[in-house]
Amino acid sequence: MMSGGVLWTWTPVAEDPQFARAYHTCTPIRGKLYLYGGVKSSDPKEPPLDNIAIFDPENMAQSGTHGGLFRRSHHDAVALSDKWLCVVGGWDGSRRLSSVFSYDTETEQWASWAEEQRSHPPAGLSSHTCTKISDRELCVIGREGGLRTQRRYASVYTLRVNASAKTYRYREEEWRTASRSGHSAVLLQSDIAHGTRDNCSLYVFGGRESSAVDLVGSWKAGRTQENTAPSSRLVEQLCKLVASVKAVHEAPKNLRHHSCSAIGPFLVVFGGETLSKSRDAICNELYVCDTRCTPMSWFRFPRSDPLHKRVGHRTVLLNDRLYLVGGFGVDGRTPCPEISVLDFL
């Protein structure tokens with residue numbers, strides 16, 4: 001898409017049938033991308049996947065391993081101690097779960113975790129977010145409850161985890177947020193909105209028919225493990241991109257099941273589906289949020305080419321490159337087998 005002389009596109013770098021999945025997770029661990037779970041079809045009767053596909057961008061190699069223990073889609077996952085892939089909640093084909101399990105990337109072993117007695121878990125989770133605060137603390141927000149449960153306001157849970165002991169404990173917080181599903185949650189320094197560098201706060205947007213951004217919780221900066229992956233090339237290119245158009249001050253509205261990645265001071269949001277449309281709802285627009293501004297400023301970069309329309313996909317930052325992984329394409333039913341990178345020409 002041409003905007004003020006800046007051209008951006010997604011360039012395929014790998015293609016394999018095992019990458020063709022949607023509503024999965026994609027987690028970077030020690031230079032590799034771990035794709036877990038998801039679905040191959042939009043048919044609700046087809047069970048979620050139970051396997052991991054691994055992509056090594058350095059060697060352009062891929063491999064797969066079948067766990068056979070846990071089927072999940074609409075879940076979330078984080079990397080703990082750069083070793084364990086920790087999976088939280090999700091849909092197993094018949095119900096929403098709040099349980100936790102892990103995959104050890106060194107031993108290639110799966111493990112179900114034990115819930116501690118003092119835990120107060122949600123009834124179930126799907127299309128939620130699980131944000132890593134540290135290797136011992138996660139923050140869980142989003143769709144919770146049984147099959148027919150719909151809530152106007154969503155609870156916020158602190159999830160205490162012990163990867164070595166394989167135990168977990170939920171605690172419901174006093175904070176609340178608007179009920180959301182398929183949203184984004186990003187941990188940012190609170191000085192973006194409040195003029196202090198002492199704290200980090202969780203910013204939640206999307207997943208409902210509103211552009212409102214909720215500010216959820218606050219943590220001392222020393223307690224958090226922020227993503228410090230070097231991305232100087234991408235940051236420079238994003239600076240040029242946002243300089244080419246006029247900003248707006250609202251987050252994307254009516255958007256869910258999109259992707260969101262933090263790259264330096266920028267948030268990059270791509271794709272998803274528009275809640276206000278019943279037809280042609282899948283998007284291929286790029287939004288960039290500049291958090292250096294007060295208030296945060298958003299920039300929209302649409303595309304007319306439907307080739308890269310995506311929903312239920314993931315974007316992942318690794319080694320100064322932003323990868324687009326999986327998701328359903330323009331028809332909303334066919335999963336995409338490509339892994340692509342964001343390019344600027």
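The values are calculated or read from the model by the stated rules, or taken from the named source; none is laboratory data. If you're wondering where the values come from, they're calculated on a predicted model, not measured in any experiment. Please note: Cβ atoms are built from the backbone with ideal geometry, for glycine as well, and neighbour counts cover all protein chains shown. What goes into the accessible areas is simple: the full protein's heavy atoms, side chains included, and nothing from ligands, DNA or RNA. Shrake-Rupley method; radii C 1.70, N 1.55, O 1.52, S 1.80 Å.
Brief remarks on what is shown
- With respect to (1) touching a residue at least 40 places away in the same chain (Cβ under 8 Å); (2) open to solvent by less than 10 Å² (accessible area, probe 1.4 Å); (3) hydrophobic (A, V, I, L, M, F, W, C), the lone exception for PHE101 is condition (1).
- When the residues of segment 309-345 are filtered to those that are of a type in the set (Val, Ile, Thr) and assigned to a loop (DSSP other than H, G, I, E, B), the one that is surrounded by the most Cβ atoms within 10 Å (Cβ to Cβ) is VAL330.
- Boolean, ASP56 is acidic (Asp, Glu), surrounded by fewer than 17 Cβ atoms within 10 Å (Cβ to Cβ) and over 26 Å from GLY272 (Cβ atoms): yes
- Sole residue being more than 30 Å from GLY31 (Cβ to Cβ), open to solvent by less than 30 Å² (accessible area, probe 1.4 Å) and not hydroxyl-bearing (Ser, Thr, Tyr), chosen from ALA251, ALA243, ALA247: ALA251
- ARG180 meets all of the listed conditions (1) more than 27 Å from GLY68 (Cα to Cα); (2) crowded, with 23+ Cβ neighbours inside 10 Å; (3) at pLDDT 95 or above but one, namely (3).
- From VAL269, VAL186, residue being closer than 19 Å to LEU159 by Cβ, in a strand (DSSP E or B) and either open to solvent by 30 Å² or more (accessible area, probe 1.4 Å) or at pLDDT 85 or above (or both): VAL186
- Filter pass, ARG292 being among the basic types (Lys, Arg) and part of a loop (DSSP other than H, G, I, E, B): yes
- Residue count for segment 104-122, restricted to those that are farther than 18 Å from ARG71 by Cα, among the polar types (S, T, N, Q) and open to solvent by 40 Å² or more (accessible area, probe 1.4 Å): 2
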